[in-house]
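Single-structure report; data block below.
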Amino acid sequence: MKRNIKKLLIVNSGKGGNFKRIFPLLRSKGNFQIFVIIYNSESLNKFCVKNNIETFYIKKTSRQKLDKLLFKYASLIKPNVTLLFYNYIIKKNFLDKFKFVFNLHYTLLPKFKGLDGFEKSLKSKHSEIGCTLHIAEEKFDEGKIIIQKKIKNLSKESLNIKKQKIFLLGIRILKLFFSDLDYYLKKTENLKN
């Protein structure tokens, strides 16, 4: 039986904690060819080199140059799926060219969008907090929701405990997503139409 190998592009502008945690799952499934674009994270670059992951490492540069490099590298790869752990808005030309682009956001969208949404969510009086995997759009955190997980927002818990719980929710979402990727890609196509 022939395996359906999918090209997975990870775009990361942080330390890479989520990618490092889901990498064993991706590797064990054996049906992903993984590429990582890293913006300014030496530790993630070292992790990728150690694990023989094809990596394009970009040190500090202008935003305009960063967008061009991202588009050019992705165009060479032609990924089936792009997953963003990226603190910048993806340009329209990228979203138009690549069909399945997703973002993991550490709040219950549509509430608490943007870079400061996570902190605002944690400090809120809402009864629930959570994490959302959504289709990436040109506007920040506007895309249709693919998977969302919630937990109780307990006032007695510290911000650090809440952060750890949300990060673990994010990992659960990513594992669920990659465990049944074909289902979620079909769901995405239906939501886009």
message = Given the criteria of a type in the set (A, V, I, L, M) and at pLDDT below 85, does LEU154 qualify?
response = yes
note = Residues of the stretch 4-39 being open to solvent by 20 Å² or more (accessible area, probe 1.4 Å) and more than 20 Å from LEU176 (Cα to Cα), in sequence order, are SER13, GLY14, LYS15
note = Within the stretch 81-113, residues being in contact with an Asp or Glu (Cβ under 6 Å, 6 or more places away or on another chain) and within 10 Å of LEU133 (Cα to Cα) number 2
message = It is to be established whether one or more residues within the stretch 5-18 are under 16 Å from PHE100 (Cα atoms) and at pLDDT below 85.
response = yes
Filter result (open to solvent by less than 80 Å² (accessible area, probe 1.4 Å) and assigned to a helix (DSSP H, G or I)) within the stretch 64-92 = LEU66, ASP67, LEU69, LEU70, PHE71, TYR73, ALA74, SER75, ILE77
request  = Report, ordered by the first and then the second residue, all pairs with beta carbons closer than 6 Å, sequence separation of six or more or different chains, a first member in the stretch 165-178 that is in contact (Cβ under 8 Å) with a residue 12 or more places away in the chain, and a second member that is open to solvent by less than 10 Å² (accessible area, probe 1.4 Å) and part of a helix (DSSP H, G or I).
outcome  = LEU174/ILE22
In the stretch 93-119, residue surrounded by the most Cβ atoms within 10 Å (Cβ to Cβ) [restricted to those that are modelled with pLDDT under 80 and under 19 Å from SER155 (Cβ atoms)] = PHE118
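Test of understanding: among LEU176, LEU122, LEU133, which residue is over 14 Å from LEU109 (Cα atoms) and either open to solvent by less than 60 Å² (accessible area, probe 1.4 Å) or not acidic (Asp, Glu) (or both)?
Working: LEU122 fails: over 14 Å from LEU109 (Cα atoms); LEU133 fails: over 14 Å from LEU109 (Cα atoms).
Testing whether each residue is over 14 Å from LEU109 (Cα atoms) and either open to solvent by less than 60 Å² (accessible area, probe 1.4 Å) or not acidic (Asp, Glu) (or both) leaves just LEU176.
Regarding the stretch 124-132, can at least one residue be identified that is closer than 21 Å to LEU191 by Cα, under 15 Å from the mean Cα position of the chain (by Cα) and not aliphatic (A, V, I, L, M)? Steps first, please.
Initially, the stretch 124-132 is screened for residues closer than 21 Å to LEU191 by Cα, giving 131-132.
If we keep only those that are under 15 Å from the mean Cα position of the chain (by Cα) as well, we get 131-132.
Adding the requirement that they be not aliphatic (A, V, I, L, M) leaves 131-132.
Yes - at least one qualifying residue is present in the stretch 124-132.
The values are calculated or read from the model by the stated rules, or taken from the named source; none is laboratory data. Because the structure is a prediction, the values reported are computed rather than measured. Cβ coordinates were reconstructed from backbone atoms using ideal geometry, including for glycine residues, and neighbour counts include every protein chain displayed. What goes into the accessible areas is simple: the full protein's heavy atoms, side chains included, and nothing from ligands, DNA or RNA. Shrake-Rupley method; radii C 1.70, N 1.55, O 1.52, S 1.80 Å.
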